[in-house]
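What follows is a set of notes on a single structure, which appears directly below.
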Amino acid sequence: MERPAWAPQGIDLTVPSVSRMYDYYLGGSHNFEVDRETARRAIRAWPGLPKIMQANRAFMRRAIRFAVQEGITQFLDIGSGIPTFGNVHEVAHALDRDARVVYVDNDPVAVAHSRAVLEGDSRVGIVSADFRSPQDILESPEVENLLDPCRPVVLMLVALLHFIEDRDEPRKCVAELARHLAPGSLLVLTHGSPEGGPVRDGGAALQEVYSTASAPLVIRSKQEVAEFFEEFEMVEPGLVAVPRWRPDSPTEHEDPAVFGGFAGVGRKAGLSE
């Protein structure tokens, strides 16, 4: 396979990447044929998958708007993926030009393309790190230089945690990140789930597709997803289907596929350490 000019050296072009598959679902161009073919198989296993991703992005925009209305203008987006239209910094800067955003991803393509897109913008940074190593994120120069630890931060884990296995202790990682956030900080989270959606096999066919990709798909119940908010107090309307979190318009006519996942926002209370 010929390596595109934008693809960093050292990445395996034969292994589908969940980040590049997400880019494909959203109509992006930074993906390989192996990503596109695997994504097409995923769509056959879970019809409407691109619409779910679009619903995630719409929720993300609503959550950013809520945060800025609450006076919070610092964002830490982990598992940020490949930049596409309507990224966190674009939405945030449209509301507050001085907002600070740090993106974090472990996919070399996502990091390289982010650096190219963000070059010259002193308000935004990109960190090559993994959610499973919170200290690498928190101690990165980008986080230390751009985010004020004494002020609230929006911790964004959008469409990430369903790619983190329980053996990697994702709840412990969320708690460690939360421990370093100032009171009033927000956790913005989405998690795919067959509960409430049209998939009849519990997502087993989709899990099979993702077993060949760079990260497996982890199916969790609503209660299990709610446990990620242990360090936070849920903001109304709580943990709900993605389109139902403070929608801009009625959701009665939404495609049933987009209800296959949960979204929520939590606020940190108490004293910081």
**Asked** From the list [x] 46, 43, 37; [y] 55, 44, 29; [z] 53, 53, 38, can you say which value of Cα extents along the principal axes in Å was derived from the structure given?
**Response** [x]
**Prompt:** Shape of segment 144-273 from its Cα gyration tensor (a ≥ b ≥ c, root eigenvalues): rounded if a/c is under 1.5, otherwise prolate when a/b > b/c, or oblate?
**Reply:** oblate
**Request:** Could I have the simple spin-label model distance between Asp255 and Arg123, label points 7 Å from Cα toward Cβ, reported in nm to one decimal?
**Result:** 3.3 nm
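In terms of the Cα gyration tensor, with a ≥ b ≥ c the square roots of its eigenvalues, is segment 79-134 rounded because a/c is under 1.5, prolate because a/b exceeds b/c, or oblate?
prolate
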**Prompt:** Mean separation of Cα pairs under 8 Å and 6+ residues apart, divided by the residue count of segment 130-215: what relative contact order is that in percent?
**Reply:** 33 percent
**Request:** Just tell me the longest site-free run in the chain, where the sites are trypsin sites (Lys or Arg not before Pro) in a DSSP loop having at most 12 other beta-carbon atoms within 10 Å.
**Result:** 98-199
**Message:** Classify segment 1-145 from the C-alpha gyration tensor, please: rounded if a/c falls under 1.5, else prolate or oblate depending on whether a/b exceeds b/c.
**Reply:** oblate
**Item:** Rel. contact order, % - alpha carbon contacts under 8 angstrom, at least six apart, the chain
**Value:** 20 percent
**Item:** Distance between modelled label sites at Glu233 and Asp12, nm, 7 Å Cα→Cβ extension
**Value:** 4.7 nm
**Message:** I need to check one value: relative contact order of segment 15-120, counting alpha carbon pairs closer than 8 Å and at least 6 residues apart, in percent.
**Reply:** 26 percent
**Message:** What figure, in Å² to the nearest 10, do you get for the accessible area of Cys150 with a 1.4 Å probe and non-protein molecules left out?
**Reply:** 110 Å²
**Positive-end extreme of charge dipole, segment 22-174 - chosen from Pro47, Pro149, Pro170 (charges on Cβ)** = Pro47
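The values are calculated or read from the model by the stated rules, or taken from the named source; none is laboratory data. Just so we're clear, the structure is a prediction, and the values are computed from it rather than from any experiment. Every residue, glycine as well, gets a Cβ built from its backbone with ideal geometry; the counts of neighbours run over all protein chains shown. Side chains are part of the model used for accessible areas, which takes the heavy atoms of the whole protein and leaves out ligands, DNA and RNA. Shrake-Rupley method; radii C 1.70, N 1.55, O 1.52, S 1.80 Å.
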